[in-house]
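Working notes, beginning with the structure itself.
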Amino acid sequence: MRALFLCLTLVLNASPVTAQETLGLAAPPAVVESGLLQHILPRFSLKTSVRVVADDAGAMSLNASGPGTPVFHRDGVTYFLRITDSAPRQQRFHDWLTSEIGKNTVDSFAPDGEPLFSARFETIEVRAEPTFEGDAARGAQLSLIHCGRCHVVGPQNRMKGLDSTPSFAVLRGFADWDTRFQEFFVRKPHAVFTQIQDVTPPFDPERPSPIVPVRITLQDLDAILAFVAETEAADLGAPLQTQ
């Protein structure tokens, strides 16, 4: 029995042991000294068997500025994770830290009962301002001729628009002003009296235009859009809050 025990001991001691993979992560002193890394790194290692340690010369790094992937923030400072794209183990840490589990792990670090870091970022959609290559000066003339019958186009017809129709300055203040103007000929009431050459079908003979028709080309519309793009938007104030 003693010989058998000794034999098994020798066999076990001779068995190869798979070394745990180790990655180095460099981080600013504010992150290291906060204790966040001691909170998140063991949890990642437990999940993946990939060991990550704080190392000033690490292949991965957390930085208080880009480039990189924003992973968490504190006191107005956003920290970015930089990895080597060709390193799959680094990519694994990146994917974990930016996953819902990783974010929850960061958010749960609250040594004094209050979270120190947040992995949640406000998403702000920035809409690119559209540009148009039409002749703005010609667009101003066309707007007065065709649109000035109902809309205040500018100072030129300030007292001639209808009270029930918004001015160009008011329309310019809408976030989707460009879409409204590009599609104006299919919007009420324009569709019943507007003709765009090679775009809109002819009026139904049994339902003619109720007023003198607006007849323009796509080039004319481009010119009008270029003019409106240069028009100063009216201050519409803060949007109404409803409950």
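Things worth noting here:
- For the range 172-199, filtering for residues that are of a type in the set (Ser, Thr, Tyr) and either more than 27 Å from Thr231 (Cα to Cα) or out of contact with any Phe, Trp or Tyr (no Cβ under 7 Å at 6 or more places or on another chain) (or both) leaves 1.
- From Ala229, Ala175, Ala233, residue being touching a Pro at 6+ places or on another chain (Cβ under 9 Å) and either within 17 Å of Pro130 (Cβ to Cβ) or charged (D, E, K, R) (or both): Ala229
- Test for Ala119: is it of a type in the set (Gly, Ala, Ser), loosely packed, with under 13 Cβ neighbours inside 10 Å and either at pLDDT below 95 or closer than 19 Å to Pro29 by Cα (or both): no
The values are calculated or read from the model by the stated rules, or taken from the named source; none is laboratory data. This one's a predicted model, so the numbers in the text were calculated from it and none came from an experiment. Counting neighbours? That spans all protein chains shown, and the Cβs are built from the backbone with ideal geometry, glycine included.
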